[in-house]
Amino acid sequence: MAGKAGRGKQKRNRAKRGARAAVSDRLSGTTPSTPSERPRRDLIFAGFLLLLLFVIYNSNFRTIRWNDTLPARLLPFSLLLDHSLYLDQWVRPLLARRPDVNQLYFVRESHGHWMSSYPIILPIFVTPLYILPAWWLSRQSPPLYPYSNYFGLIADTMEKLSASLIAAISGAVLFLAFRRIASRKVSLVVALIYGLASNTWAISSQALWRHGLTELSFAFLLWALFRAPDSPNALSWAGLALTGAAANKPLEGVLVVAFVLYFVAHRQWRNLLRFLAPPVVLGSLVLAFNLHYFARVVGGYGMPQFFGRNSTHLAFWVRLGTALAGSMVSPSRGLLVYSPWVAFAFLGAARLWKEKSPGWSRALIVALAVIWVLQVDGEVWWGGWCFGPRYFTDLLPFFSWFLVPVLANIRARPVLRVAFAATVAIALWVQVVGAFYYPAGNWDGRPVNVTLKPQRCWDWSDTQIMRSWKAGPASPTLLNWWEQVLQ
């Protein structure tokens, strides 16, 4: 009996090793990925996930935004009703009240008009969603557009619905991407962690920040890359995804460079041509737009100033070290404070690096590290007035993917399972605070503006999370305004 039990245990261990090897091969691209037995069921799951996330994202009935999102909120109406890229009719009244042009950092003057400082791919992307409200506004007499309070309410509502839809779609696409390399249960769990236990909820889904479209682009990138062993056209889709991310946020072009270098180093010339086709075509259009309107390669927003602040070597390294540490562990901006489950994602990244699985994983991980360093050095590392580590929001699809290789080990060890569940639960509670409470308590502005005194991000006695929590839930402004209109 003991011999039979031993032989049975050996068979089970061999089966487990074979399953792990098969997954590793699929991730590395050495063999085609195993198609889902029921792809239609996966689409149904993705649809339900999209609907669930969309409902949850809108359950606080308000937007959480600052002036950064003003161009994206208004440009779709300008495109549809005025057939124009200009924001003059909103900016000029603001200038009358605020003579200091520096306060209007979100716009730039071009050819005698005011235009968005930020890339316009996001407002163009969401413009189709605005067709019906724009049509309704065009038929109102007297006109409601562009100065009435009713128009402001419609604009705020459309911003919230558009942002939450983009974020929800990114979660559904990630689920479909993970189904190429993992079980349905694992894919669903990781997609839910991405959607509800990260700043995808408190940042991307609440207003038209650029982060939402970047996350969607990266989710689509992973979907395409995981299909690459089966579909030669998948690399063209991957190139398109990265083009969208780079057009939306030029710093993400680092990933384009990383994949180009990977294909060149491995002499994958055909893959390189497939990958480069979308960046060349769409990148040329973006470049032409930037040069025409702003006479600059990077457009109106420009690029952060990297490493060039006329400081000593010691001062540079101190500043960079403070920024890197603050973006990771500071109580009011640290990624590991707001989403502690990312610590397990780092373990997954280390495993991918060790196994070189997939083959391009090392190039991607290096590129992500470069983006992190450039982001915190070139920008204010605390991200201005926002909830938590806003700049890391772009990279959340990758952190979610890094969880997949280590989930089996986490489930197999009770201590790790409990620790992982605790980190996810903490992150979920933090996002509830961000969605339903922030900016109650006005942590960003009191007692001193965080932009003027970023050292406040290290104050454990007065953290942004606890200040917002203790201040109580914020008012559901959109719901209140719509109730007044309907009454």
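Please treat every number below as a calculation from the coordinates, not as lab data. Fair warning: this is a prediction, and the values are worked out from it, not measured in the lab. Cβ atoms come from the backbone with ideal geometry, glycine included; neighbour counts cover every protein chain shown.
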(request) Arrange 115, 158 by Cβ neighbour counts within 10 Å, fewest through most, would you? (result) 158, 115
(request) Can you tell me the dipole magnitude for the chain around its Cα centre, using point charges on the Cβ only (Lys, Arg +1; Asp, Glu -1), in Debye to the nearest 20? (result) 2600 debye
(request) Quickly estimate the mean residue ellipticity at 222 nm for the chain, helices only: each DSSP H run with n ≥ 4 gives -39500 (n - 2.57), and the total goes over all residues, rounded to 500. (result) -20000 deg cm²/dmol
(request) Note the angle between two axes, namely the Cα long axis of helix 210-227 and the longest principal axis of the Cα atoms of the chain, as a number of degrees from 0 to 90, rounded to the nearest 10. (result) 30 degrees
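Calculate, in nm to one decimal, what residue 292 and residue 92 gain on full extension: separation in residues at 0.36 nm each, minus their alpha carbon distance.
Separation in residues times 0.36 nm, less the Cα-Cα distance, equals 69.7 nm.
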(request) Write down Rg/Rh for the chain, rounded to two decimals, with Rg from the C-alpha atoms and Rh from the Kirkwood relation over Cα pairs. (result) 0.98
(request) List 483, 252, 109 from most exposed to least, where exposure is judged by having the fewest other Cβ atoms within 10 Å. (result) 483, 109, 252
(message) Tell me the angle of helix 2-28 to the major Cα principal axis of the chain, expressed in degrees between 0 and 90 and rounded to the nearest ten.
(response) 40 degrees
(request) Within 10 Å, count the other beta carbons around each residue, average over each peptide in 388-396, 265-273, 204-212, 237-245, and list them highest first. (result) 204-212, 388-396, 237-245, 265-273
(request) Once you have the Cα-Cα distance between residue 346 and residue 129, take 0.36 nm times their residue separation minus that, and quote the gain in nm to one decimal. (result) 74.4 nm
(request) Check cross-link reach from residue 185 to the aspartates and glutamates: straight Cα distance under 18 Å, and skip same-chain residues fewer than eight apart. (result) 37, 42
